[in-house]
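The values are calculated or read from the model by the stated rules, or taken from the named source; none is laboratory data. What you see is a predicted model, and the numbers here were worked out from it, not measured in a lab. Virtual Cβ from ideal backbone geometry, glycine too; neighbours counted across all protein chains shown.
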2 protein chains.
Amino acid sequence: MNRRSFLKCSALGVGGSVLAALPVRAGGADGLPELKAPETPAELHCGCQQMLVPGKSFAERYDFLEANGYDRVEINGGNWEWLAKNADAMAEAIKGRDLRFSVTCISARGNAGMADPVERRAVIDTTKSILESAARLGALGVITVPARKKIELPFPELRERYLKEILPEILAHAEKLGVCLMMEPLNRNETMFLRLVADGAAIARDADSPAIGVLGDFWHMTTEETSDMGAFISAGKYLKHVHIASRKTRKIPGVDGEADNYIDGFKGLKLIGYRGAVSIEAGYPKGTSEGQKRKLLAQAAALARRQWEQA
Amino acid sequence: MNRRSFLKCSALGVGGSVLAALPVRAGGADGLPELKAPETPAELHCGCQQMLVPGKSFAERYDFLEANGYDRVEINGGNWEWLAKNADAMAEAIKGRDLRFSVTCISARGNAGMADPVERRAVIDTTKSILESAARLGALGVITVPARKKIELPFPELRERYLKEILPEILAHAEKLGVCLMMEPLNRNETMFLRLVADGAAIARDADSPAIGVLGDFWHMTTEETSDMGAFISAGKYLKHVHIASRKTRKIPGVDGEADNYIDGFKGLKLIGYRGAVSIEAGYPKGTSEGQKRKLLAQAAALARRQWEQA
């Protein structure tokens, strides 16, 4: 039943008294399209990179997150070797909590954009190692950046090689491990290669594997995307993770005041039924004390929940 | 008032009888976001490239379009010199009709992707000539393709030069003339440079001129976009023109049967309040007679209107 048929009902005396109160988007008459609800409604899961959280141990950091509105932990803190060494300690520290690991944000070695095949091989090998650690930790997956500033290959060749040479071996490994590789588009100051969420989604589609997805980072999106909602709708089923930061200075969400509005993006997440994490990757304003850091993190989770409700 | 407050009203006995009949997308309870209707609702304007229409003269072609559900004419038929020579005849032929010229689809000379500055200069000069013809005809604007397959410049340099060297002079001219330059993203078989509607919108935003926009072509979008709706939402106010063709073989819409579904894209157009043309750029199946061509064109306009209603 659309608004037109509803109006018809009203004319017949059914429910006429609430007509004026119907939301404007409720039907055809206002020019809005009929949109299908996702099969399962979206859910907000607040996450944070673990090393942003004050604390002397993983356990202390997780204690804080658990108590302050977070239910997802993003694994960061070092490179692929550090991760392999520390995975058991993290697994031990998260046991029995209402927290889960979302993804790893851990650098691989090598550079897929280089002409030297040794550089490209290193990406494959170290990314596979990170995938193994992620699987041990029960994480959803592994963030990867296909290329940064330093790129020797022409862009069309890089895209082709990324799809045909880099991804297949990594994705075969990821499929076996049951974890997902998520490509993160960056803004133009960090790369010109993969900047748009829709472009990452297109690579994910072309790679044709259940173990690949794309990430949307509100910070990079602020510079690159013309519409947060459009970007997330384009990402659709390929969207596996979301990064969030303040929108002017890449600090904890809320630090930039009115600019820290994520509602349009959250509308997109609701439209696609997103259930992954919305996870903080950001810094603190200079000189922030440990106590202030805790306060900012608690406020950021509350801000995300408030704007999610408003979306 | 959202669905939740509406539910509250219902509990108080107001309008309870229509509750079950509300569209699923009507409120928060189904997980869909609150979407704002555009300030002015979208309108469908069916267009077609004039040379696709059977006829011996411009007048005969326009007669047919006017009588068969079209109200926009896309100007094609030759290069910038042909356009300048034929503009008066077209202007004469369209006088007094319920038809308007939408845009020109006319090739400029030169190549913005070349290292040779003479090639880049030619793009500027011939595009300015096309803009002048478009203005004489009262058209909304001029389609341009920033780069095709043959590209010598590294992509980041091409993007930079396009923004700093190619666009400013063209856009200053376009602003003076009151017409718009529209960048058309193509699919990967025709270019690797500008493939995504969101990327075109980002260039339009960066160019910061009222005289620039982006085009969405359903044919190219079929290959490149992961979501027609997402792409059009990202295009937003920068979307100035839409091309439509059958989605498997780039023929007149409808020729590819069930595949020719534009509803998801039309939902996006409704969300952004699009009022430009949806214009056919396509071919005919081999051996199509003049009579069959007329029938296909009439059916295509009807198909677009039907799917627009369904969106």
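General observations
- Of the helices (runs of 4 or more DSSP H) that lie entirely inside segment A:89-207, those containing 2 or more residues that are away from chain B (no Cβ under 13 Å) span A:117-136, A:167-177.
- When residue A:279 is tested against (1) more than 16 Å from the chain's Cα centre (by Cα); (2) more than 14 Å from every other protein chain (Cβ to nearest Cβ); (3) among the polar types (S, T, N, Q), only condition (1) is not met.
- Within segment A:239-247, one or more residues are surrounded by fewer than 23 Cβ atoms within 10 Å (Cβ to Cβ) and either at pLDDT 95 or above or within 14 Å of another protein chain (Cβ to nearest Cβ) (or both).
- Selection within segment B:253-282 - in contact with a Lys or Arg (Cβ under 8 Å, 6 or more places away or on another chain), touching a residue at least 40 places away in the same chain (Cβ under 8 Å) and farther than 17 Å from residue B:308 by Cα: B:282
- Among the residues of segment B:241-274, those identified as over 16 Å from residue B:49 (Cβ atoms), touching a Phe, Trp or Tyr at 6+ places or on another chain (Cβ under 8 Å) and outside any helix (DSSP H, G or I) are B:247, B:262, B:272, B:274.
- Residue in segment A:284-298 that is in a loop (DSSP other than H, G, I, E, B) and in contact (Cβ under 8 Å) with a residue 24 or more places away in the chain present: yes
Table: residues versus (1) buried (at least 23 other Cβ atoms within 10 Å of the Cβ); (2) within 19 Å of residue B:275 (Cβ to Cβ); (3) in contact with a Pro (Cβ under 6 Å, 6 or more places away or on another chain); (4) not β-branched (Val, Ile, Thr).
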{"position": "B:142", "(1), (2), (3), (4)": "yes, yes, no, no"}
{"position": "B:152", "(1), (2), (3), (4)": "no, no, no, yes"}
{"position": "B:164", "(1), (2), (3), (4)": "no, no, no, yes"}
{"position": "B:167", "(1), (2), (3), (4)": "yes, no, no, yes"}
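- Residues in segment B:49-88 that are among the aromatic types (Phe, Trp, Tyr), outside any loop (DSSP other than H, G, I, E, B) and either surrounded by fewer than 20 Cβ atoms within 10 Å (Cβ to Cβ) or touching a strand residue (DSSP E or B) at 6+ places or on another chain (Cβ under 8 Å) (or both): B:62, B:64, B:80, B:82.
- Checking residue B:259 against (1) more than 18 Å from residue A:202 (Cβ to Cβ); (2) among the hydrophobic types (A, V, I, L, M, F, W, C); (3) crowded, with 24+ Cβ neighbours inside 10 Å, the condition it does not meet: (3)
- Filtered residues of segment B:294-311 (kept if within 18 Å of residue B:62 (Cβ to Cβ) and under 17 Å from the mean Cα position of the chain (by Cα)): B:300, B:301
- Residue list for segment B:34-48, filter: of a type in the set (Gly, Ala, Ser) and facing chain A (nearest Cβ under 8 Å): B:37, B:42
- Looking at B:11, B:91, B:21, B:42, just one residue is farther than 30 Å from residue B:109 by Cβ and either modelled with pLDDT of 95 or more or polar (S, T, N, Q) (or both), and that residue is B:42.
- Within segment A:210-225, considering residues that are away from chain B (no Cβ under 12 Å) and assigned to a loop (DSSP other than H, G, I, E, B), the one farthest from residue A:171 (Cα to Cα): A:210
- Residues of segment A:43-60 satisfying the condition of being under 23 Å from residue A:246 (Cβ atoms) and either touching a helix residue (DSSP H, G or I) at 6+ places or on another chain (Cβ under 8 Å) or of a type outside the set (Gly, Ala, Ser) (or both): A:44, A:45, A:46, A:48, A:49, A:50, A:51, A:52, A:53, A:54, A:55
- Of all the criteria given as (1) within 9 Å of chain B (Cβ to nearest Cβ); (2) under 25 Å from residue B:269 (Cα atoms); (3) of a type outside the set (Lys, Arg), the one not satisfied by residue A:228 is (1).
- Checking residue A:109 against (1) at pLDDT 95 or above; (2) closer than 24 Å to residue A:278 by Cβ, the condition it does not meet: (2)
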